[in-house]
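**Student:** This is the structure, below, for whatever I ask next.
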Amino acid sequence: MSRNIRKEQAAETREKILEAAKSLFAEKGYHGTPVREITRKIGMGDGILYHYFPGGKREIMSVLLRESFEHRRQEIQQIHRVIEELDLKDAMMTIKRRIYELFTADMDLMRILFRENDLLGFEEAEQLTTLLREQSAIFEAFLKDRHERGEIRDLDFRIASRQFLSTSLHAIMSKSVGIQLLNEPDVYKYMEENVDFTIDLWKNP
């Protein structure tokens with residue numbers, strides 16, 4: 001029992017450190033956040049941070065990104081299991097909504113990603129690239145399936161997938177950097193208009 005309690009406490013402390021660091025990195029930047037400020041935010045000594053993250057701030061950043069990418073990867077795979085029985089428009093709207101919400105639910109992390117992209121090491125950059133490629137491949141397979149069902153015409157499904165998903169990335173970027181790139185205050189209305197326009201281009205003549 002006591003061993004389980006210690007494990008739970010250790011996991012809780014580790015999570016507190018990650019959350020405190022993420023909040024400060026988003027607010028002040030990675031270079032503008034000393035280790036002491038992270039530990040002060042959670043009311044602990046500097047040594048506790050190095051106990052959980054011997055590599056210091058750099059290791060914390062790496063863990064934040066790695067765990068975030070893995071979480072989103074699993075969620076994206078789940079999305080595509082959900083949409084199999086939906087009609088074409090509902091399926092495409094579900095993809096757009098969930099991807100947008102999945103990435104914008106944690107704005108601290110998105111701001112770090114855009115602000116501190118120069119800190120992406122090979123491993124983190126490769127993880128992000130893999131995440132985006134997998135999403136494109138999954139949607140490409142979805143389009144091929146919908147073509148076989150007779151819902152859309154024959155396309156270059158690889159290019160079609162990338163173009164469709166790029167509009168979702170556009171909306172995510174707009175919210176993350178705080179610049180209105182879409183000229184549309186209602187992002188979900190924009191998504192629906194984009195889906196309707198895309199389906200009209202893709203449908204069988």
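The values are calculated or read from the model by the stated rules, or taken from the named source; none is laboratory data. Values in this document were obtained by computation on a predicted structure and should not be read as measured data. Here the Cβ is made from the backbone with ideal geometry for all residues, glycine too, and neighbour counts use every protein chain on show. Side chains are part of the model used for accessible areas, which takes the heavy atoms of the whole protein and leaves out ligands, DNA and RNA. Shrake-Rupley method; radii C 1.70, N 1.55, O 1.52, S 1.80 Å.
**Student:** If I compute Rg/Rh (Cα atoms, Kirkwood Rh) from the structure I just sent, which labelled value in (1) 0.94; (2) 0.99; (3) 1.07 lines up?
**Tutor:** From the options (1) 0.94; (2) 0.99; (3) 1.07, the structure gives (3).
**Student:** At 1.4 Å probe size, with the rest of the protein present, what percent of the exposed accessible area of the chain is carbon and sulfur atoms?
**Tutor:** Looking at the chain in its full context, I get 51 percent from C and S.
**Student:** Check cross-link reach from LYS22 to the lysines: straight Cα distance under 23 Å, and skip same-chain residues fewer than eight apart.
**Tutor:** LYS7, LYS41, LYS57, LYS175
**Student:** How high is the FRET efficiency between HIS51 and GLU101 when r is their beta carbon distance and R₀ equals 30 Å, given to the nearest 0.05?
**Tutor:** 0.30
**Student:** Excluding ligands and nucleic acids, what accessible area in Å² is computed for ARG73 using a 1.4 Å probe, to the nearest 10?
**Tutor:** 90
**Student:** Tell me, in nm to one decimal, what length is gained between ASN4 and LYS203 on full extension, where the rule is 0.36 nm per residue of separation less the Cα-Cα distance?
**Tutor:** Working it through step by step, the gained length comes to 66.0 nm.
**Student:** Suppose a student asked you for the relative contact order of the stretch 1-138, using Cα pairs under 8 Å spaced at least 6 residues apart; what percent would you report?
**Tutor:** 27
**Student:** ALA137 to HIS71: extension gain in nm, 0.36 nm per residue of separation minus the Cα-Cα distance?
**Tutor:** Contour length minus Cα-Cα distance gives 22.0 nm.
**Student:** Explain nothing, just the number: dipole magnitude of the chain about its Cα centre with +1 on each Lys and Arg Cβ and -1 on each Asp and Glu Cβ, in debye rounded to the nearest 20.
**Tutor:** 740
**Student:** What accessible area per residue, rounded to a whole number of Å², is obtained for the chain using a probe radius of 1.4 Å?
**Tutor:** In whole numbers, the chain has 56 Å² accessible per residue.
**Student:** Could you compute the net charge surrounding TYR50? Neighbours are other residues with a C-beta less than 14 Å from the C-beta of TYR50; K and R count +1, D and E count -1.
**Tutor:** Once all neighbours under 14 Å are counted, the net charge is +2.
**Student:** Here's a follow-up. Would you kindly find the accessible area of ASP145, with a 1.4 Å probe and non-protein molecules such as ligands, DNA and RNA excluded, rounding to the nearest 10 Å²?
**Tutor:** Ignoring ligands and nucleic acids, ASP145 comes out at about 60 Å².
**Student:** Here is a further query. Out of TYR100, PHE69, VAL82, whose Cα points farthest toward the positive end of the dipole of the stretch 63-118 (charges: +1 Lys, Arg; -1 Asp, Glu; placed on Cβ)?
**Tutor:** Farthest towards the positive end: TYR100.
**Student:** Set the Förster radius R0 to 35 Å, insert the Cβ-Cβ distance between GLU15 and GLU193 as r into 1/(1 + (r/R0)^6), and round the FRET efficiency to 0.05.
**Tutor:** According to the calculation, E is roughly 0.30.
**Student:** Would you kindly give the portion of the calculated P(r) for the stretch 35-102 that falls above 17 Å, as a percent of all Cα pairs?
**Tutor:** Beyond 17 Å sits 58 percent of the P(r) for the stretch 35-102.
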